[in-house]
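Heads up, the thing below is written out as structure tokens.
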Amino acid sequence: MPVNIIEKIEVKYLQIINEKGEADPNLIPSVSDDEITRFFETIILARAFNQRALSLQREGRIGTYASILGQEASQVGSALAFSVEDWLFPSFRESGVLVAKGYPMWMLYRYWAGDERGMKCPENLNIFPMSVPVGTHVPHATGAAWAMKLKGHRKAAGVYFGDGGSSKGDFHEGLNFAGVFKAPVVFLCQNNQWAISVPRSLQTAAKTIAQKAYAHGFEGIQVDGNDAAAVYKATKDAVEKAKNGGGPTLIECFTYRLDDHTTADDASRYRAKEEVEAWRAKEPLVRLRLYLEKKGKWTKEYEEGVTKKAQESVDAEIKKAEAYPPPDPADLIRYTYAELTPRQKKEMKESGWGS
């Protein structure tokens, strides 16, 4: 009888700076100290944005919000590896990506307050609106990447999703198409170990999420998602490969969601406090601080200055967001279709909203 032989897939794991702030001497030259300093300062800004968003939600000034605490390295490290010409497709937990790319924070606060105009991306940025439905934007990123290839553009697309998203049909359809047509797209999975209240072990039996790439004919790698330097290098390499015709890459950022799924969740109901505290010791900012201190580039005064500046910037953005005029209620009807239907015209008239 014929014997089916399944080739064993060995997924690479990349780490440059460990939780003690120690760097791999063979890999650290690929990321400069200036870049690591930029990671550190950007994470502080993203964390300031995040903390104020949580406070605003508790005060009733914005709606339900998805915290990024613990995942900043995966977001900042990858975002800074893409050029301004590349296209990014974030999910709902990528505030750190948008902050790192210079998306106006006041617009993000408007969005989380329920104003869709907050996702009207500025013309100088190539960022699609956040996708709240899980995984549905993966095929969109693949399609955009394929269009870039057909047009002969030297650009790449990057798409973000969680570990739960890797179990969706949209995920496999997007990866399959990208693999077949060698689309220049980087798939970035933030494996934060929990798909809301479902642990990673109960929503996929795969040993790693990265290995799912091989079923679709391209490389998948796993990185320490709390190591901004490793995430940056892996993403940078994947982007260059994509632009040079090498096709897609799936990067699994092995990280952890320190906060609740959203402000509507209570994670203490389904996960142990000891698990959270063990991961808190590995969080991104601590290791960067330790590394920079070993290099003589960190002092308490330096971090306090960066933090103060970040908080002042966030405060100014909140004031701008809350001073912005509310949207016109007629927009609910006006922008549903390209043109108003006869029924909508009647509704507009009866509501006294004009045309």
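The values are calculated or read from the model by the stated rules, or taken from the named source; none is laboratory data. The model shown is predicted, which means the values in this text are computed figures rather than measured ones. Using ideal geometry, Cβ is built from the backbone for each residue, glycine included, and neighbour counts are taken over all protein chains shown.
Only one of (1) assigned to a loop (DSSP other than H, G, I, E, B); (2) under 17 Å from the mean Cα position of the chain (by Cα) is not met by Arg61, so which one is it?
So the condition that Arg61 fails would be (2).
Can you tell me which of Ala238, Ala234, Ala229 is in contact with a strand residue (DSSP E or B) (Cβ under 6 Å, 6 or more places away or on another chain), in a helix (DSSP H, G or I) and closer than 16 Å to Thr142 by Cβ?
Going through Ala238, Ala234, Ala229 in turn, the sole match is Ala238.
Filter region 131-140 down to the residues that are touching a strand residue (DSSP E or B) at 6+ places or on another chain (Cβ under 8 Å) and closer than 12 Å to Val159 by Cβ, then identify the one that is surrounded by the most Cβ atoms within 10 Å (Cβ to Cβ).
Residue satisfying both the conditions and the ranking: Val138.
Go through region 41-73 residue by residue and tally those that are of a type outside the set (D, E, K, R), under 14 Å from Tyr109 (Cα atoms) and in contact (Cβ under 8 Å) with a residue 24 or more places away in the chain.
14
Need pairs with beta-carbon distance below 7 Å; first residue within 23 Å of Thr204 (Cα to Cα) and assigned by TED's automatic domain parsing to the domain that holds Leu88 and within region 150-165, second part of a helix (DSSP H, G or I) and charged (D, E, K, R); sequence gap 6+ or separate chains.
Pairs found: Asp163/Arg200.
Do we find a residue being assigned by TED's automatic domain parsing to the domain that holds Gly165 and assigned to a helix (DSSP H, G or I) anywhere in region 9-24?
Scanning region 9-24, I find no residue that is assigned by TED's automatic domain parsing to the domain that holds Gly165 and assigned to a helix (DSSP H, G or I), so the answer is no.
Which one is farthest from Leu188 (Cα to Cα) among residues in region 67-93 that are among the hydroxyl-bearing types (Ser, Thr, Tyr) and in contact with a Gly (Cβ under 8 Å, 6 or more places away or on another chain)?
First, the residues of region 67-93 that are among the hydroxyl-bearing types (Ser, Thr, Tyr): 67, 74, 78, 83, 91.
Now drop any that are not in contact with a Gly (Cβ under 8 Å, 6 or more places away or on another chain), which leaves 74, 78, 91.
Details: Ser74: 9, Ser78: 8, Ser91: 11 Å.
Checked region 67-93; the qualifying residue farthest from Leu188 (Cα to Cα) is Ser91.
Kindly establish whether Met119 is over 18 Å from Gln190 (Cα atoms) and surrounded by 21 or more Cβ atoms within 10 Å (Cβ to Cβ).
No, not satisfied.
If you go through region 127-160 one residue at a time, how many are among the polar types (S, T, N, Q) and either in contact with a Cys (Cβ under 6 Å, 6 or more places away or on another chain) or over 22 Å from Ala66 (Cα atoms) (or both)?
As a first pass, look at region 127-160 and keep what is among the polar types (S, T, N, Q): 131, 136, 142.
Restricting the remaining residues to those that are either in contact with a Cys (Cβ under 6 Å, 6 or more places away or on another chain) or over 22 Å from Ala66 (Cα atoms) (or both) gives 142.
Qualifying residue count, region 127-160: 1.
I'd like to verify a number: residues in region 262-289 that are among the aliphatic types (A, V, I, L, M), touching a residue at least 12 places away in the same chain (Cβ under 8 Å) and over 24 Å from Asp34 (Cβ atoms), how many?
4
Among (1) under 25 Å from the mean Cα position of the chain (by Cα); (2) assigned to a helix (DSSP H, G or I); (3) surrounded by 12 or more Cβ atoms within 10 Å (Cβ to Cβ), which single condition is Glu252 missing?
All conditions pass for Glu252, except number (2).
Within region 230-246, track down each residue that is among the hydrophobic types (A, V, I, L, M, F, W, C) and out of contact with any Phe, Trp or Tyr (no Cβ under 7 Å at 6 or more places or on another chain).
Hits for region 230-246 are Ala230, Val231, Ala234, Ala238, Ala242.
Scan region 272-306 residue by residue and report those that are assigned to a loop (DSSP other than H, G, I, E, B) and surrounded by fewer than 17 Cβ atoms within 10 Å (Cβ to Cβ). Spell out the reasoning first.
Restricting attention to region 272-306, the residues satisfying the condition of being assigned to a loop (DSSP other than H, G, I, E, B) are 272, 281-283, 295-299.
Ala272, Ala281, Lys295, Gly296, Lys297, Thr299, listed by residue number.
What's the number of the only condition in (1) surrounded by 24 or more Cβ atoms within 10 Å (Cβ to Cβ); (2) farther than 27 Å from Leu56 by Cα; (3) in contact (Cβ under 8 Å) with a residue 40 or more places away in the chain that Gly174 fails to meet?
(3)
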